[in-house]
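Visitor: One structure, pasted below without further comment.
Just so it is clear, none of the values below were taken in a lab; they were calculated from the coordinates. Since the model is a prediction, treat every value here as computed from it, not as a measurement. Virtual Cβ from ideal backbone geometry, glycine too; neighbours counted across all protein chains shown.
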Amino acid sequence: MGRKAVGPRYWNRKGGGYFCVFRGTEHELALGPKDEPSGPTYLAALDAFKKVMEGGTPEPPRTASPTIREVLEAYLKHVNKTKEPGTVEIRLRSFTPFVNHPVKGGLLGEREVASLKHQDVYDFLEHMETVPRARVRKKEQKGRKPTAWGPGSQRNFVRGVVAAFNWAVTGKMIDENPLHRISKPGPRRKPRGKERPPEDRKYNRAFRRRRIVVEHAIGRLRRFRAVAHVNRHQRHGHAMRVRAIAGLVNRMLDYRAAT
């Protein structure tokens, strides 16, 4: 004798939705937020569950492929619970111009995931090389010129969007990753047997000016033994200690600037 149907139950799959198991087969009832007992998603799941129980029919026809915006928003909602706030902010800043990038027929984020091609990403990255990126700073830095996406920002974006689609594949939100085996932008290397282009020298000069500031900041942090030596304390408190030391370094720099 077969087991009774189990459902509708809310599972965190395909961005979240209600599913049931009938005669050993899993059925998708309704996708959406968990809003039982009187929400529209739950009520739609109840109607679909009744149809499955009455006729033992297979699961309802699959809906169209989710849009790029829907997948990235679901991924951001997921990493907001598992990653540091800074990581979520970086992902959000890189995904926002991508989904709002204008293409033929509308915005790139409104297209289905299945229609996304590698060339769409390459065109977007080429566009971002000419657009100054938006920056949110705690303190205004006068005289600092806005910069466009360099190779590092482009690689970080590609890694993030590929991770988002891989997460969607694991959760069965989409069937396959449309950016599988996409080429990541590489560093600007000197051509063999030729002089380095002027734009590369200009980029490297600007990069060195920013990097030396970061290297000096790391050096100031490593003056403290709690950061420079092997961490022998609880791992979950390591980030708190690093933030405390960073606060001391910032206080020292503010005192020097005031005097």
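Visitor: Would you please classify the overall shape of segment 140-259 from the alpha carbon gyration tensor, given that a ≥ b ≥ c denote the square roots of the eigenvalues, rounded means a/c under 1.5, and beyond that prolate means a/b larger than b/c while oblate covers the rest? Intermediate results must be reported in sequence, preceding the final value.
Guide: Details: a/c = 2.26, a/b = 1.22, b/c = 1.86.
Taking the square roots of the gyration eigenvalues as a ≥ b ≥ c, segment 140-259 is oblate.
Visitor: Something else now. Got a sec? Charge dipole of segment 10-52, +1 on Cβ for Lys and Arg, -1 for Asp and Glu; which of H27, A44, W11 is way out at the positive end?
Guide: H27
Visitor: Going by the alpha-carbon gyration tensor, a ≥ b ≥ c the square roots of its eigenvalues, is segment 212-258 rounded (a/c under 1.5) or, if a/c is not under 1.5, prolate (a/b greater than b/c) versus oblate? Don't skip to the end; give the middle numbers.
Guide: Values: a/c = 2.70, a/b = 1.81, b/c = 1.49.
Note, shape of segment 212-258 comes out prolate.
Visitor: For every other residue with a beta carbon closer than 15 angstrom to the beta carbon of G237, add +1 if it is Lys or Arg and -1 if Asp or Glu, then tell me the sum. All intermediate terms of the calculation are to be shown ahead of the outcome.
Guide: Details: positive: R232, R235, R241, R243; negative: E84.
Here the charged neighbours net out to +3.
Visitor: Now for a separate question. Show me the ranking of peptides 230-237, 45-52, 214-221 by mean Cβ neighbours inside 10 Å, starting with the highest. Working shown, then result.
Guide: Details: 230-237: 8.0, 45-52: 17.9, 214-221: 12.1.
So the peptides 230-237, 45-52, 214-221, ranked by packing, come out 45-52, 214-221, 230-237.
Visitor: Does segment 6-55 come out rounded, prolate or oblate, given a ≥ b ≥ c as the square roots of the eigenvalues of its C-alpha gyration tensor, rounded meaning a/c under 1.5 and, failing that, prolate meaning a/b above b/c? Intermediate values should be presented prior to the final figure.
Guide: Working: a/c = 2.31, a/b = 1.32, b/c = 1.75.
Note, shape of segment 6-55 comes out oblate.
Visitor: I would also like to ask the following. Taking neighbour Cβ counts within 10 Å as the exposure measure, how do Y122, Y18, Y42 sort from fewest upward?
Guide: Numbers: Y122 15, Y18 25, Y42 19.
Starting with the residue having the fewest Cβ neighbours, the order is Y122, Y42, Y18.
Visitor: Report the extension gain between N12 and E199 in nm, rounded to one decimal, defined as 0.36 nm multiplied by the number of residues separating them, less their alpha carbon distance.
Guide: Numbers: separation 187, 0.36 × 187 = 67.32 nm, distance 4.75 nm.
Difference between extended and current length: 62.6 nm.
Visitor: For L31, which sequence-distant residues (separation of 5 or more, or a different chain) have an amide H within less than 5 Å of its own amide H, given hydrogens modelled in the peptide plane?
Guide: Y18
Visitor: Computed from these coordinates, which is Kirkwood radius over Cα pairs in Å: (i) 22.8; (ii) 20.1; (iii) 21.4?
Guide: (i)
Visitor: Can you sort T87, T259 by how many other beta carbons sit within 10 Å, fewest first? Mind dumping the intermediate values first?
Guide: Values: T87 13, T259 5.
Result, fewest neighbours first: T259, T87.
Visitor: Exposure proxy check: I174, I212 ranked by fewest other beta carbons within 10 Å?
Guide: Numbers: I174 21, I212 10.
Ordered from fewest to most neighbouring Cβ atoms within 10 Å, I174, I212 come out as I212, I174.
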